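The values are calculated or read from the model by the stated rules, or taken from the named source; none is laboratory data. None of these values were measured; they are calculated from a predicted model. Don't worry about glycine lacking a Cβ; one is built from the backbone with ideal geometry, like all the others, and counts go over all protein chains shown.
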Amino acid sequence: MERVVRMGEASASNTPADVLACIGLGSCIGLALVDRSKGVAALAHVMLPSSAVPDPPQPHKFADLAVPALIDLALQHGARRRHLEAALIGGAAMFQLGGSGQDIGARNTAAITRLLGQAGVPVRASATGGSTGRTVRIHLDADMTITVRQAGGREQRLLGGRAGTEPKAVCA
Amino acid sequence: MTAFTDLQLDALRELANIGSGNAGTALGSMLGKTVDISVPTAAVLPLADAIAVAGRPDELRHGIVVPVVGDMEAIVLLLFPDADARTLCGIYGIEPSTPDGRSMLGEVGNILGTNYINVLAQMVSMTLEPRPPQVVEDMLGAILESVLLGRGEDVDHALILDSSLMVEDEQCSLSFLLLPDHGGVRQLLERLGL
């Protein structure tokens, strides 16, 4: 079953044949965590680098809260911490709107990358930056394949398949 | 949570009605055709729902963004399904996904945005100035979330004033959204004495 993770939401699964998806990511980041040995995946649709308040109603909106919360969610679904691998998708700059929102996509990407580093979770693949939107899907199949699609394009494999065969990061 | 009373939403809808009416008339004179405008909707929605209202997030849209600066900050966003963008550009014998097509769509955004904003500015005695339009062709969800978060602020809810414009004798309609900043909405309502 495909579960769509909307802005500010997160979802996790350990059910084979489930698909977790963030559809139409612009400046937001689809943060994917997988434990391929256990068949567990978690996906958050992160909107902004940091929260202004300590306990907001939707923690997954904010990178600073989403990274630890998503790791916890993956562990609750049976992932083992030292087997977690991350992929980042989105963070585009589609418009030049000026003001404090300038480069929000790049700042989201930087914040999540830094926080994953602090948490000791390696980033195995990323498709970030550029000026086009993206859709990410995590397929809970035998390979825990993560695919990315841009508008009008095909689904491309970002992570998964046989070890060592991952394509290089897809950056627009 | 941002709450507006029904009276306030009615007033904002009326502003949108007059603004989009003026904008539609201007587009009509550019095209030499009658342009009909639907009664606008005014809604305060959680961001994720705001996207769902506009369509499926992976649907392709031609999006034209007209940033508005001055006494209030806002964004005017026009959304064309691909077929409608083709019809509109086809009136001039051009394709939408070409430099000429993007330029044409940008000009449509300019005319609609400027006329919408001018009449709004007059009604509420504000100085408002549209910036040059930016044209993209992408997934609806990606366009909307980038615009809604474009100011980099935490927003739970978006005020969306949505009108549809239909070009007579052509299968062409577009969505016309005014997305004011939070502070901007309060200012608008204050000027209206609400």
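Structural remarks
- Taking the criterion of being within 11 Å of another protein chain (Cβ to nearest Cβ) and of a type outside the set (Gly, Ala, Ser), the residues of the stretch A:92-131 that qualify are A:Met94, A:Phe95, A:Gln96, A:Leu97, A:Gln102, A:Asp103, A:Ile104, A:Arg107, A:Asn108.
- Subset of the stretch B:38-51 that is more than 8 Å from chain A (Cβ to nearest Cβ) and of a type in the set (A, V, I, L, M) - its residue that is surrounded by the most Cβ atoms within 10 Å (Cβ to Cβ): B:Ala50
- A search for C-beta distances below 7 Å between a residue of the stretch A:9-24 that is more than 14 Å from chain B (Cβ to nearest Cβ) and closer than 9 Å to A:Ile138 by Cβ and any residue that is at pLDDT below 95 and surrounded by fewer than 24 Cβ atoms within 10 Å (Cβ to Cβ), counting only pairs 6+ apart in sequence or on different chains, returns A:Asp18/A:Met1.
- The residues listed here are A:Gly39, A:Gly90; of these, the one that is more than 11 Å from the chain's Cα centre (by Cα) and either under 26 Å from B:Met139 (Cβ atoms) or not aromatic (Phe, Trp, Tyr) (or both) is A:Gly39.
- Residue check for B:Leu79: within 14 Å of another protein chain (Cβ to nearest Cβ) and more than 15 Å from the chain's Cα centre (by Cα): no
- The requirement of being under 24 Å from B:Leu45 (Cβ atoms), out of contact with any helix residue (DSSP H, G or I) (no Cβ under 6 Å at 6 or more places or on another chain), within 12 Å of chain A (Cβ to nearest Cβ) and outside any loop (DSSP other than H, G, I, E, B) is satisfied by B:Ala142.
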